[in-house]
Amino acid sequence: MSIKAFYKGLMVLFFGLLALALKGQKQGGIDYQIVGVDLYCYVDRDLSQTTIDSLLGTCDIKPEALALYHEKQISSASHWQVVEVNEQQIILRKPLKGLEGKPKEQKTLMEVLGLGPKSFVDDYRFGYNVFSKPAVWELDNSKTRFFLKVEGAKPESIYLSGTFNQWSTSACPMTACDSGYYADINLGEGAHYYKYIVNGHWLMDPRNRLKANDWEGNENSVYFKENYSFFLPGYKKAQKVHLAGSFSNWEPDNQGFIKVKGGWERPCYLEEGTHAYKFIVDGEWITDPTNPVIRKDEEGNENSFMAIGDTFYFYLPGYKNAAAPVVAGSFNDWNPIELKMTKTDSGWILPYVLAPGNYEYKFVLEYGHKWIIDPNNPHTNGEGNTKNSVLSLNPNKHFFYPHKKGLERVCLSGDFNAWPENGYTLEKQADGWHIDVHLPQGKTRYKFILNEDWVRDPNNPLFEPNEYDDYNSVIWMK
């Protein structure tokens, strides 16, 4: 059984509002049963290892810990406990004490169990809202108001549910007002899927024209908490103004700008980072007349540039008599002419905004004829002409390997950098080898490369088998 098939069974429970009965219930190789004051979960061992890993991960139980299981009971922060591991099943137990509310009335099986899958939303780089009438808007107190007008008889119950509350069916009741029902909640920037639950029935927002299918085929309303607004002054006689940029793969937006006093406006959400863009006025592509930051691409086309987020400063010492060096990297498709550096008293500098993540880059000299790595950065990837400097912005994991006799080089390779043969080089310090890396949420597999040998992390007891009849170290990031 695939992980999607497994979660599909759980999502049927979730969106169908099944009550938790006081008898065993089974879904997709998972059996739940209340025994006395405890809730038991029986996981079939014939499920795929990926499915089992994912299930245990939602319980805050490291799957690799099962390899160490004998008579010891393994517990998690969410109070699930491994009580037995045999050839047929993994048996988990969780005390019912502390579960709030009446499951038969409002909570779904997954909500009571605390086993719901993560809330998946498309990785939007850019988006904007399209409503037939106002239905969701931002308040002065930084909260977001969701409003639903209900026709007919007063509903017995009405709730707001979405990715912002893990699709809870009871966490966000709505309040009656003179014209409908509302709920004020705190939202982060970006895309949020949501629905209303009216008398136990799931309802999309009738005023929201923006819809999306999640990865299981369920259709949801989508709201973007916006963080930026493009503005084009003038052009009173224009019929249509559209926006295109690197954030949309240069595809013009479907809806177009809104005509406002003094010009045209497009409020939107943009992910952190630096973005190239242009306006399209009645079919003509133009740069932003209010933005002085314009750069050429490799074809010689001029584009406007803007940025959201914290600024990182690329610095190249020396080369005082050189023509302006350029920074090129994985963040701009290795464009060798776009990001020209500015001269300082001691070298060259380029302020640039990047989203959290791992990047590779080089400095380009002599009008593209010479590419060099960053002399101040000990972290690289690759060899020879393919050797690049490595930059990790907002790193959330520190990796360390202790000193070892005869060890000349230590590298790190894993899911986060697509398992390169050489890997990210660690910096040699007095106590060993170090590197800080940005890891995504969830499970990451990795290994150290010692000179030429691939080894597990000696400081990490968690590991799993790989396809090479060996093992990878494993880490879970929340």
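The values are calculated or read from the model by the stated rules, or taken from the named source; none is laboratory data. Only a predicted model underlies this, so the values are computations on that prediction, with no experimental measurement involved. Cβ placement follows ideal geometry from the backbone for every residue including glycine, while neighbour counts extend to all protein chains displayed.
How do the strands (runs of 3 or more DSSP E) wholly within region 180-223 filter down when requiring 2 or more residues that are surrounded by 15 or more Cβ atoms within 10 Å (Cβ to Cβ) and in the same structural domain as Lys133 (by TED's automatic domain parsing): which remain? The qualifying strands (runs of 3 or more DSSP E) are 181-185, 190-198.
Residues in region 443-478 that are under 25 Å from Pro356 (Cα atoms) and exposed (fewer than 14 other Cβ atoms within 10 Å of the Cβ): Asn460, Met477, Lys478. In region 412-443, of all residues being assigned to a strand (DSSP E or B) and out of contact with any Phe, Trp or Tyr (no Cβ under 6 Å at 6 or more places or on another chain), the one that is nearest to Ile52 (Cα to Cα) corresponds to Gly442. Just to be sure, is Leu160 crowded, with 20+ Cβ neighbours inside 10 Å and either modelled with pLDDT under 90 or touching a Lys or Arg at 6+ places or on another chain (Cβ under 7 Å) (or both)? So Leu160 fails the test. When region 460-478 is filtered for residues that are without any contact (Cβ under 8 Å) to a residue 24 or more places away in the chain and assigned to a strand (DSSP E or B), the ones remaining, listed by number, are Pro465, Tyr471. Checked against the criterion of being of a type outside the set (A, V, I, L, M) and touching a residue at least 60 places away in the same chain (Cβ under 8 Å), the candidates Asn358, Asn377 yield just one match: Asn358.
Residue check: is Trp264 out of contact with any Lys or Arg (no Cβ under 7 Å at 6 or more places or on another chain) and not aliphatic (A, V, I, L, M)? Yes; evaluated as a whole, the condition is true for this residue. You will find that of Gly273, Gly318, Gly262, the residue that is in contact (Cβ under 8 Å) with a residue 12 or more places away in the chain, loosely packed, with under 14 Cβ neighbours inside 10 Å and either farther than 30 Å from Lys237 by Cβ or under 30 Å from the mean Cα position of the chain (by Cα) (or both) is Gly318 and no other.
Note on region 281-333: enclosed strands (runs of 3 or more DSSP E) holding 3 or more residues that are closer than 18 Å to Val353 by Cβ and of a type in the set (Ser, Thr, Tyr) are 311-317.
Annotation note: of Lys387, Lys362, Lys397, the sole residue that is within 29 Å of the chain's Cα centre (by Cα), surrounded by fewer than 18 Cβ atoms within 10 Å (Cβ to Cβ) and farther than 23 Å from Glu271 by Cβ is Lys387.
For region 291-312, a residue qualifies if it is hydroxyl-bearing (Ser, Thr, Tyr) and either in contact with a helix residue (DSSP H, G or I) (Cβ under 6 Å, 6 or more places away or on another chain) or more than 23 Å from Arg125 (Cα to Cα) (or both), but none of them does.
Condition check ((1) out of contact with any Lys or Arg (no Cβ under 7 Å at 6 or more places or on another chain); (2) closer than 13 Å to Val198 by Cβ; (3) among the aliphatic types (A, V, I, L, M); (4) free of Cβ contacts under 8 Å to residues at least 24 places away in the same chain) across all residues:
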| position | (1), (2), (3), (4) |
| --- | --- |
| Arg125 | yes, no, no, no |
| Val130 | no, no, yes, no |
| Pro134 | yes, no, no, no |
| Glu138 | yes, no, no, no |
| Lys143 | yes, no, no, no |
| Glu151 | yes, yes, no, yes |
| Ser170 | no, no, no, no |
| Leu187 | no, no, yes, no |
